[in-house]
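Following: one structure in structure tokens, then a few remarks.
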Amino acid sequence: MQTTTLMGGFVNAPLDSARAFRQIMTAVAQPGIINDAVGATPPAPLSVAAGVVLLTLCDPDTPVFLTAEFDTDDVRAWITFHTGAPLVDAAKASFAVGSWGDLPITDFAIGTSEYPDRSATLIVEVASLNPEGAELRGPGIKGKATLSLPETAAFQQNTALFPLGLDFVFTCQNRLAALPRTTKVNAIKVS
Amino acid sequence: MTDYNFAYLDEQTKRMIRRAILKGLAIPGYQVPFASREMPMPYGWGTGGVQVSAAVLTPDDTFKVIDQGADDTTNAVSIRRFFEKTAGVAVTEATVDASVIQTRHRIPEQDLRSDQILVYQVPIPEPLRFLEPSEVETRKMHSLEEYGLMHVKLYEDISQHGAIATAYAYPVKVEGRYVMDPSPIPKFDNPKLNMAGIQLFGAGREQRIYAVPPYTDVVSLDFDDYPFEASKADHACDLCGAEDSYLDELIVDDAGGRMFMCSDTDYCAGRRKAGCIGAQGVPYQEDVA
Amino acid sequence: MYVAVKGGEKAIDNAHAWLAEERRGDTSIAELSVSQIREQLALAVNRVMAEGSLYDPDLAALAIKQSRGDLIEAIFLIRAYRTTLPRFGGSNPVDTEQMICDRRVSATFKDAPGGQVLGPTFDYTHRLLDFKLAADGEVPQAPSAEIAQADTPHIMSFLDRENLIQTEPEGPETPPDLTRSPLELPATRSLRLQALTRGDEGFILGMAYSTQRGYARNHAFVAELRIGAVSVEMDIPELGFAIDIGEITLTECETVNQFKGSKTEPPQFTRGYGLVFGMTERKAISMALVDRALRWKELGEDNVGAPAQDEEFVLYHADNIQATGFLEHIKLPHYVDFQSELELIRKLRRAAMGEQEAVE
Ligand SMILES: [Zn+2]
């Protein structure tokens, strides 16, 4: 086992994960806001924020899918060592990590009509994360918010599945934002 | 309590609850099943709220607990002490100073901000339970958005009593989809469910967590000709004179004499501190206990 | 003039101090030791272990002492402690065929390999208060025999050879854990059995009794009741084999139930099963009867609408910790909901009186 595998977890798991969860939860509760996510130093190409989300939410009960870009020995070993999460195909995953274009979004569980919560949460690594871009409306948003999104059509289709659907966390370096299935997304016309 | 983990629960349990909370926020009003743990306090006494608070609290939080709107009711005291001991959090009775508020049966009078979290203790999370005792059936009804039974019940009330005979735990529809039990808050509090704060609901014995994100559309069920009405006792608070707060009724003498006072003790104290005096009130003194 | 009532914190502290004093009782009487409870109130200890889902006689005895003999309170203490314990893994299924039986009776065969062993039972005691015990509980040593080395095969296996009993295919899957995942319906049989074995003895007994009185009668005979010690083994992946991690006492009851056959099943005997920690035979027999009643669907029987056939009813109400918590919570303040009801009733009455006056 390489030393990189053993390193980079939370220094104080109970406290670090409590603080990280608050950042994740408020981001999910208020789509559009961008929060810090710090405390983990995962191996590249995982961002700090993606590492924090994995450490905070994943364990042996949550199968994780990695796109080819993230499916490296280092990343696999790090996730296995720090969370115990099994690494699986997209269809079986509770969580997934990948860049937007690589995530097979039609393969993930979207829940069932009796259990819409049995759906995957995708951790989408993005190159930039800004409070400008697509227009967001829905629960958690007073009026409207804006957020840089990799596209809009896929999120509109996802919202149309409500109450089924996927939920997204966007991670960029040490920051994150979230887009639950309830958020209605509209592209802003470039003026 | 150094033998126990931060906020009592082990990390795996907190992760499981945290995941349920996130799915709850993503599907407002839908009851997420979770593997409720046996807590060192009885089921029915706030174990769901306690588990949600344990999963949400950080060491930087300031925690407030109310039961019936009051900070000094025994069960509120007991839960506040539990988290003082196990999470080392700061505690407060002031609504404005609290970052996390656990409540049983009330929403504070003071409007909450978007950086505040309100955790409800829920006894029976299923709004259809008293119409249909079977969980298998009610789950099906939610999945099909089949809420006719609820409307029939409310309508029967009107035809029998001339009004909807539900005074607390008054059902709401969240974001136009799920019918939700707001916990046994008086219907006076229902309009406050549309708020800036994050609302999390925990039912320990029934193993359900649900949530309402800020600025979510929450509508109390009603009919065009019998619109929902948030009612309270037709009195002012006898201590602080407030006319806009929910009131407790006290029996004050053997002849059955009554007085009314704010159920939200912090709200009442705040008003009295600011110089408001009700019909039977006295000027505010810090040390009156 | 009115000053608001305060003092919740002080009241709680004082109540706890008084409770501790009451628990100790008259200090001129010697204090009970945990080992006395463990040894001399062993059946109470067994019940607390069974319904607490934790096999630890010393902790169960401590809980009984702390709870002043309130067994449901003791079970609660054990359950709350149990949830904080780390989980190292699952054991292999215990092999009750290898049980060293203290007691083994069959109501269906007069004799069978392994024999009938009456064991330390109340069955044929005359329930006469023994006033000698009040003065002196010392007893002469009971006669003893060598531990039987031969296997004690299950009585059911003899019926099995003739294909007279419904076969129970071995499930390869790891049973779900009721304490780690929320109850989901319909439940599998293994989940139902878990709920029954930790369910309230009184509730399970009442349910079982109701089947005997005709509410989903299933004609049960105790094919075999056995009580004794079994060893618990656990696979250690690093070693590549299972090691013995301890010994526990269990009560196992298999009932054989008459069955005329159904649309899907031929006429044959069917089974009900009970397995409970400790010497707990009333519970194990009850469990087997309720298990059998709950199996109507898989055996293609009619649902006659009896309470014991209703899986949701039985599983949601068998747990005494859930039940007692919720039942007792109604003594907590409900000023707010009561006040809202008060207003509503006053309003409805005003409306009703107004109508009446208008009529008069
Ligand atoms: Zn007042």
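From Cα pairs below 8 angstrom and at least 6 apart in sequence, can you work out the relative contact order of chain B, rounded to a whole percent?
20 percent
For the stretch A:68-174, state the semi-axes of the equivalent ellipsoid (square roots of 5 times the eigenvalues of the alpha-carbon gyration tensor), sorted largest first and rounded to whole angstrom.
In descending order, the three semi-axes are 25, 19, 12 Å.
Under the rule a/c < 1.5 gives rounded, and otherwise a/b versus b/c splits prolate from oblate, where does chain B land using the Cα gyration tensor? List each step's numbers first, then the result.
On the way: a/c = 1.89, a/b = 1.07, b/c = 1.77.
Oblate, since a/c reaches 1.5 and b/c is not below a/b.
Specify the inter-centroid distance of the stretch C:83-118 and the stretch C:253-296, based on alpha-carbon positions, in whole Å.
16 Å
Average partner chain C-beta neighbours within 10 Å, per residue of C:182-188?
Mean inter-chain Cβ contacts per residue within 10 Å come to 4.
So which lysines pass the test for residue A:92, namely a Cα distance under 23 Å, with those fewer than 8 places away in the same chain ruled out?
Hits, sequence-local ones excluded: B:14, B:23.
Of all alpha-carbon pairs in the protein assembly as shown, indicate the percentage at a distance above 53 angstrom.
Values: 75560 of 352380 pairs.
The proportion of pairs with Cα distances above 53 Å equals 21 percent.
Using a ≥ b ≥ c from the Cα gyration tensor of the stretch C:13-83 (square roots of the eigenvalues), is it rounded, prolate or oblate, where a/c under 1.5 gives rounded and otherwise the larger of a/b and b/c decides, a/b for prolate?
Judged from the Cα gyration tensor, the stretch C:13-83 comes out oblate (a/c at least 1.5, b/c at or above a/b).
What percent do you get for the relative contact order of the stretch C:130-230 when only Cα pairs under 8 Å and 6+ apart count?
Answer for the stretch C:130-230 is 23 percent.
Please report C:263, B:273, A:184 as a ranked list, fewest other C-beta atoms within 10 angstrom at the top and most at the bottom.
Starting with the residue having the fewest Cβ neighbours, the order is C:263, B:273, A:184.
With a ≥ b ≥ c taken as the square roots of the eigenvalues of the C-alpha gyration tensor of the stretch A:1-131, please select rounded if a/c is under 1.5 and otherwise prolate if a/b is larger than b/c or oblate if it is not?
rounded
May I ask what percent, to the nearest 5, of DSSP beta bridges between residues of the stretch A:3-181 are antiparallel? Could the numbers behind the result be given before it?
Working: 11 of 25 bridges.
Expressed as a percentage, antiparallel bridges in the stretch A:3-181 total about 45.
Tell me which of B:209, A:23, A:58 sits at the most positive position along the dipole axis of the protein assembly as shown, charges placed on C-beta atoms (Lys, Arg +1; Asp, Glu -1).
A:23
Take peptides B:81-88, B:152-159, C:347-354 and line them up by average Cβ neighbours within 10 Å, highest first, as a rough protection proxy.
Top of the packing list down: B:81-88, B:152-159, C:347-354.
Fewest to most neighbouring Cβ within 10 Å: what's the order for C:331, A:142, B:192?
Ascending number of Cβ neighbours within 10 Å: C:331, A:142, B:192.
Strictly over 25 Å apart at the Cα level, which of B:140/C:347; B:140/B:187; A:144/B:64; A:142/B:173 would you flag in this model? Write down the numbers at each step before the final one.
Details: B:140/C:347 36 Å; B:140/B:187 27 Å; A:144/B:64 31 Å; A:142/B:173 19 Å.
Going by Cα-Cα distance, B:140/C:347; B:140/B:187; A:144/B:64 fall outside the 25 Å limit.
Cut-off is 10 Å between beta-carbons; in what order do C:338, B:201, A:108 appear when sorted fewest neighbours first? Working shown, then result.
Working: C:338 16, B:201 27, A:108 22.
Listing C:338, B:201, A:108 from fewest to most nearby Cβ atoms yields C:338, A:108, B:201.
Given the -39500 (n - 2.57) contribution per DSSP H run of 4+ residues, what per-residue ellipticity at 222 nm results for the protein assembly as shown, rounded to the nearest 500 deg cm²/dmol?
That comes out to -9500 deg cm²/dmol.
Rank C:271, C:346, C:47 by mean-square fluctuation in a GNM of chain C with C-alpha springs under 10 angstrom and give only the top-ranked residue.
Among C:271, C:346, C:47, the largest GNM mean-square fluctuation belongs to C:346.
I'd like the antiparallel share, as a percent to the nearest 5, of DSSP beta bridges with both residues in the protein assembly as shown.
70 percent
Could you let me know the centre-to-centre spacing of the stretch B:21-46 and the stretch B:77-130, using Cα atoms, in angstrom?
Measuring centre to centre over Cα atoms gives 14 Å.
Report ³J(HN,Hα) in whole Hz for each residue of the stretch A:15-21, in order, from the Karplus equation J = 6.51 cos²θ - 1.76 cosθ + 1.60 where θ = phi - 60°; Gly and Pro get x.
Ordered by residue, 3J(HN,Hα) equals 7, 5, 6, 4, 5, 5, 4 Hz.
Take the alpha carbon atoms of the stretch B:232-289, find their center, do the same for the stretch A:54-104, and report the distance between the two centers in whole angstrom.
Cα centres, the stretch B:232-289 to the stretch A:54-104: 56 Å.
Go ahead and set up a Gaussian network model of chain B, Cα springs under 10 Å, then flag whichever of B:222, B:234, B:253 fluctuates most.
Of the options given, B:253 has the highest mean-square fluctuation.
Before anything else, pin down the relative contact order of chain C: Cα pairs under 8 Å, at least 6 apart, normalised by residue count, whole percent.
Dividing the mean separation by the residue count of chain C yields 16 percent.
Quick note: the coordinates plus some simple rules give every number you see, no bench work behind them. Here the structure is a predicted model, which is why all the values come from computation and not from measurement. With ideal geometry, Cβ positions are generated from the backbone for all residues, glycine too; neighbour counts draw on all protein chains shown.
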